[in-house]
Amino acid sequence: MNIKPEITLSSLDVDRIYNLIESLPRSAVSTEKLEEELERGNIVTPQEIPANVVTMNSRVRFVIEATQKEFEMTLVYPKDMNNSLDKVSILAPIGSALLGLSIGDTIQWPKPDGSNVDVTIQDITYQPEREGEFLI
């Protein structure tokens, strides 16, 4: 059984993500998993977000446990993707899975073939709230 770690979300991120979801054509992308994540999160003000939590525009270093391969990516809104390989959209399955996790959390991430892989958050090298940037 896959037990998901608790997540903490910024009220500003939640509002912006719901606005994004509402702006999308219903056929554009499945937002069901993202909405499930938003509903299960502990929502706090941006000023109350702990420094070790992944928020929107955070730069996150994580490792795929099976291969020990490390990645560092920034969690962004679709408008900020600009075909960059070091960014992940909140609408992507991994994007919605990363939001609200803390350093040290491990999640099961669905692969394209339907199997799962364990991913662990190693570090958050940049978090807007930690830097006092509450409106990014």
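Nothing in this text is a laboratory measurement; each read-out follows from the coordinates by a stated rule. Keep in mind that what you see is a predicted model, and the values were worked out from it rather than measured. Reconstructed Cβ throughout: ideal geometry from the backbone, glycine too, with neighbour counts over all protein chains shown.
For region 22-84, a crude dipole built from +1 on the beta carbon of Lys and Arg and -1 on the beta carbon of Asp and Glu, taken about the Cα centre, is about 220 debye to the nearest 20. Close lysine pairs were tallied over region 14-124: pairs 8 or more places apart or on different chains with Cα atoms under 19 Å apart number 5.
Contact order, relative form, for region 8-128: 29 percent (alpha carbon pairs under 8 Å, 6 or more residues apart, mean separation divided by residue count).
Only helical runs count toward this figure. For the chain, summing -39,500 (n - 2.57) over DSSP H runs of n ≥ 4 and dividing by all residues gives -6000 deg cm²/dmol at 222 nm. Roughly speaking, what % of Cα-Cα pairs in the chain are separated by over 20 Å, rounded to a whole number? Of the Cα pairs, 42 percent sit more than 20 Å apart. Sites counted here are GluC sites (Glu not before Pro) in a DSSP loop (not H, G, I, E or B) having no more than 14 other Cβ atoms within 10 Å; the longest part of the chain that contains none of them is 66-132.
Computed extension length for R40-K111: 23.3 nm, one decimal, from 0.36 nm per residue of separation with the Cα-Cα distance subtracted.
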